[in-house]
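A.B. asks: The structure's right below; bear with me while I get my questions together.
The values are calculated or read from the model by the stated rules, or taken from the named source; none is laboratory data. Predicted, not measured: the structure shown is a model, and the values here were computed from it. Please note: Cβ atoms are built from the backbone with ideal geometry, for glycine as well, and neighbour counts cover all protein chains shown. For the accessible areas, the whole protein counts, side chains as well, though only heavy atoms, and no ligand, DNA or RNA atoms are used. Shrake-Rupley method; radii C 1.70, N 1.55, O 1.52, S 1.80 Å.
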Amino acid sequence: MDESATWRLLESDWYSPRRLHDCPTHYSFPQAYRQKLIENLSLDSQGRPFKIMVFRGSPKSSRKSIRFVDELRQEVAAIFEKDCKQTPYRCIPKGEKRVLDAPRLRNDYYSNIMSWGINNILAVALGPELYLWNSEDQAVHKLLQVRGGNDWPTSVTWSEDARTLAVGYMCSNLQLWDVESSKLIRSLQGHSGRIASTAWNGHILTSGSRDKSIINHDVRAANSLASCIKRHADEVCGLKWSTEGNRLASGGNENLLYIWEASKMSSSKFLHRLSDHCAAVKALAWCPYQNNVLASGGGLSDGCIKIWNTEKGICINNIETKAQVSYNSLHHKEILSGHGYSIRENQNKLCLWRYPSMTKVGELGNHKSRIINLCQSPDGITVISAGADETLRFWDVFGPPTAGAGNSMVSDLQGLLSFRTSLLR
């Protein structure tokens, strides 16, 4: 092959800028690739300026040039194979799948009044009453009602097998209910203040209170009090056991986050005491596929989501949401956060973040007031947001992404509309 053949190769339509521009995928080439392409098309094999229309050089140098072009084509093919695969669009729902009216839902940041069990039943506290909503047939059942005006449910948590519902109260009571028979099984003692956070770990029910204590209850034992920890200097407002059940994260109103090892809780010895937040730590979520990774969210004065390596006790990422963080959910490689008050942005919104980069994927929400709680369906696809506007809104956030230009893009988040509204009770 002579130099003219080399000229035809370099000027072929495969390298044509017009062809690349008209490509329907509108691929954005990496800067490193662009620079390499410019250098290779402007310099010869000796590194000298390349004058394609000047015929010179020996047959030996021509073979080098041809061989160099072949190598370039192989490099470009490798780049295309690695980087040019079109990424599926991330569809963000434009509106709620369902809206339930939730009268008397209390506007209390510290309460945790919703839980969705593996039996597909949503338990939600509305003022002094606690309702069960069956997501399969939409049937509603009132489980309990507290008599008197000074007490009401402040935390609701299904057991892992959904046979038992734990209910914590404003006046320090903690009850276990058999939902199938609608009967109270037992009351657990030990606290002297509001119980706003509860978390199950097998047969252990952990409760956190305004009395600053954390209690582990062994629900199998007649004397259920397994251990009592008093390390927080203010109300315990967030509790979350890791997926493996070997570590507990607890957040307090004094802005502290503690990491506990299950095997050492009876000694009240913590694994880590983390003080990076500047407001109450309520929102906690363990990574489902990285056992030592935890996400925590701070209140209004903080407005940050922090990602922690709980093995080393270090913050590995931090994002300022500029709004009160009331809930975190870490699903696959995304984090969904629910927000309340804000002086700048994300007020009353649900925000979706890509993990681990913590870049914002999008936001959604029609709440007219702050989001109090979020909870996730057993299949992980649907998220319910409970707002101080006394509504429950259902969002299909974590469905599988689908490719295609006809789908909604991340930036197309305007005009979020409510599809259906109905009464919870």
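A.B. asks: Search the range 240-269 for residues being out of contact with any Leu (no Cβ under 8 Å at 6 or more places or on another chain) and crowded, with 20+ Cβ neighbours inside 10 Å, and hand back the single one that is farthest from G208 (Cα to Cα).
C.D. replies: Selected residue: N255.
A.B. asks: State the number of residues belonging to the range 297-314 that are modelled with pLDDT of 95 or more and at positive phi.
C.D. replies: Final tally of qualifying residues: 1.
A.B. asks: Give the residues of the range 146-169 that are more than 19 Å from R186 (Cβ to Cβ) and at pLDDT 95 or above, sorted by residue number.
C.D. replies: The one that is more than 19 Å from R186 (Cβ to Cβ) and at pLDDT 95 or above: W152.
A.B. asks: Quick one: in the range 140-183, which of the residues that are without any contact (Cβ under 8 Å) to a residue 24 or more places away in the chain and outside any loop (DSSP other than H, G, I, E, B) is nearest to K282 (Cα to Cα)?
C.D. replies: Checked the range 140-183; the qualifying residue nearest to K282 (Cα to Cα) is Q175.
A.B. asks: So, in the range 85-103, how many residues would count as being at pLDDT below 90 and under 21 Å from L126 (Cα atoms)? Explain how you work it out, then say what you get.
C.D. replies: Of all residues in the range 85-103, those at pLDDT below 90 come to 85-95.
Pick out the ones that are also under 21 Å from L126 (Cα atoms) and you get none.
Final tally of qualifying residues: 0.
A.B. asks: Consider only pairs whose beta carbons are under 6 Å apart and that are at least six residues apart or on different chains; among these, list those whose first residue lies in the range 273-290 and is more than 12 Å from C304 (Cβ to Cβ) and whose second residue is among the charged types (D, E, K, R) and open to solvent by 20 Å² or more (accessible area, probe 1.4 Å).
C.D. replies: L284/K240
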